[in-house]
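Here the structure is laid out as structure tokens; the discussion comes afterwards.
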Amino acid sequence: VSFTSVLFLTLFLLFSALFPGAFNCCTKISDEIPKGILRRVERFEIQKGHGLCHLEAVILYIENKKFCVSPQIKKLKKWMKKMKDKIHRRKLHVRKQRRTRIMHKKPHQKQ
């Protein structure tokens, strides 16, 4: 094993530890989304165009596969807004339930 190989491997491991998403960037994006694909999305991420990844994209995860699509697609924007609103409503509902439970608790009295 040469010194250069060890040095390269060490630098590679250091870089991947410091920048874990660097090797997971979308390098190509689709400008179209096939019909029905948004119903199967398990989760999504937004990739910014600055930083380690030099391309703006929305990463859709379906059955452990990732699909990189343009964030400018109208159908995708509408779907993302709907999902964001749905998640926000869910969080508000959870907060209201917690407040209700706390308000209904009776103070513990000593006898």
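Kindly flag which residue pairs out of Lys28/Lys65; Lys28/Lys81; Lys35/Lys77; Lys35/Lys65 have an alpha-carbon separation exceeding 19 Å in this structure. Flagged as over cut-off: Lys28/Lys81.
Mind checking which aspartates and glutamates have their Cα closer than 16 Å to the Cα of Lys66? Skip sequence neighbours fewer than 8 apart in that chain. Correct list for Lys66: Asp31, Glu32, Glu42, Glu45, Glu56.
Here, each number is a calculation from the coordinates, and none is a lab measurement. In this text, all values refer to a predicted model and were calculated from it rather than measured experimentally.
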